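Enquirer: Before anything else, here's the structure in question.
The values are calculated or read from the model by the stated rules, or taken from the named source; none is laboratory data. Just so we're clear, the structure is a prediction, and the values are computed from it rather than from any experiment. As a convention, Cβ positions derive from the backbone with ideal geometry for all residues, glycine included, and neighbour counts pool all protein chains shown.
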Amino acid sequence: MPVMKHFCKHTIWMGWVCLLPSLVNAQEEGGLRDIRGPVEYPSFPWGSFITTLVLLLLIGGGLYFYLERKRRLKAKSQVAKLPWQIAQEKIKALLASDLLSSKQYETFYARLSDVLREYIENRFGIRAVEMTTDEFLTSLKDNQSLADNHKRLLKQFLEYADMVKFAKFTPNQKDVEEGYEAARKFITQTQRRSGGA
């Protein structure tokens with residue numbers, strides 16, 4: 001294709017392509033220069049990223065373990081109540097409620113027997129809460145953790161509580177007093193074997 005010069009002497013047109021004056025000068029001076037080598041772009045700083053991530057994980061883990069240890073020490077520093085203390089407090093709260101004055105004997109005996117069953121489970125490790133009265137009394141026959149007189153007292157109380165809860169038996173004031181006194185007596189007599197006084 002013929003080289004056409006138009007507009008100014010430093011612009012060369014080859015067909016429809018315009019060559020710039022610097023290219024024309026380079027061609028006239030003896031050739032084109034070689035291209036520059038590849039430009040290195042900074043790569044992602046993986047080393048710094050991983051180091052920062054590890055440091056953050058270490059700091060976070062250390063903070064977590066510090067706070068967890070502090071929480072555990074605080075929990076240990078609080079005096080843990082013994083099972084008999086918890087049961088006695090629940091019986092006091094139950095007696096302070098208005099269940100007896102409003103003649104809600106069924107609810108009263110249900111809660112009183114629950115307190116006693118929770119005490120037995122926490123004190124002796126017997127799963128009393130999850131069993132029926134018959135299942136529980138049957139499991140006590142071979143159990144050596146309770147004395148025979150305590151087993152009899154427990155049997156008498158639980159059977160009486162079941163009569164009130166399920167047979168709709170209405171106890172008189174004396175029966176109610178004997179019921180919670182039997183529960184309290186059982187707890188008081190068995191607490192000494194647990195190391196409480």
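Enquirer: If you take the residues in the stretch 126-148 that are closer than 13 Å to residue 158 by Cβ and small (Gly, Ala, Ser), which one is farthest from the chain's Cα centre (by Cα)?
Expert: If we take residues in the stretch 126-148 being closer than 13 Å to residue 158 by Cβ and small (Gly, Ala, Ser), then 139 is farthest from the chain's Cα centre (by Cα).
Enquirer: If you scan the stretch 127-170, which residues turn out to be among the basic types (Lys, Arg), under 16 Å from residue 111 (Cα atoms) and in a helix (DSSP H, G or I)?
Expert: 165
Enquirer: Could you say whether any residue in the stretch 73-89 is free of Cβ contacts under 8 Å to residues at least 60 places away in the same chain, farther than 17 Å from residue 191 by Cα and either acidic (Asp, Glu) or surrounded by 11 or more Cβ atoms within 10 Å (Cβ to Cβ) (or both)?
Expert: No, that holds for no residue.
Enquirer: Same structure again: Could you list all residues from the stretch 107-121 that are surrounded by 18 or more Cβ atoms within 10 Å (Cβ to Cβ) and either farther than 17 Å from residue 164 by Cα or touching a residue at least 24 places away in the same chain (Cβ under 8 Å) (or both)?
Expert: 108, 109, 112, 113, 115, 116, 119, 120 - these are the residues of the stretch 107-121 that are surrounded by 18 or more Cβ atoms within 10 Å (Cβ to Cβ) and either farther than 17 Å from residue 164 by Cα or touching a residue at least 24 places away in the same chain (Cβ under 8 Å) (or both).
Enquirer: I'm trying to understand the selection: among the residues of the stretch 130-155, which are surrounded by 14 or more Cβ atoms within 10 Å (Cβ to Cβ) and out of contact with any Phe, Trp or Tyr (no Cβ under 9 Å at 6 or more places or on another chain)?
Expert: Result: 131, 133, 136, 137, 140, 151, 155.
Enquirer: Do any helices (runs of 4 or more DSSP H) entirely within the stretch 1-120 hold 2 or more residues that are at pLDDT below 85, and if so, which?
Expert: Hits in the stretch 1-120: 21-28, 46-77.
Enquirer: Sticking with this one: Yes or no: residue 185 surrounded by fewer than 17 Cβ atoms within 10 Å (Cβ to Cβ), under 24 Å from residue 99 (Cβ atoms) and under 38 Å from the mean Cα position of the chain (by Cα)?
Expert: Against the criterion (surrounded by fewer than 17 Cβ atoms within 10 Å (Cβ to Cβ), under 24 Å from residue 99 (Cβ atoms) and under 38 Å from the mean Cα position of the chain (by Cα)), residue 185 qualifies.
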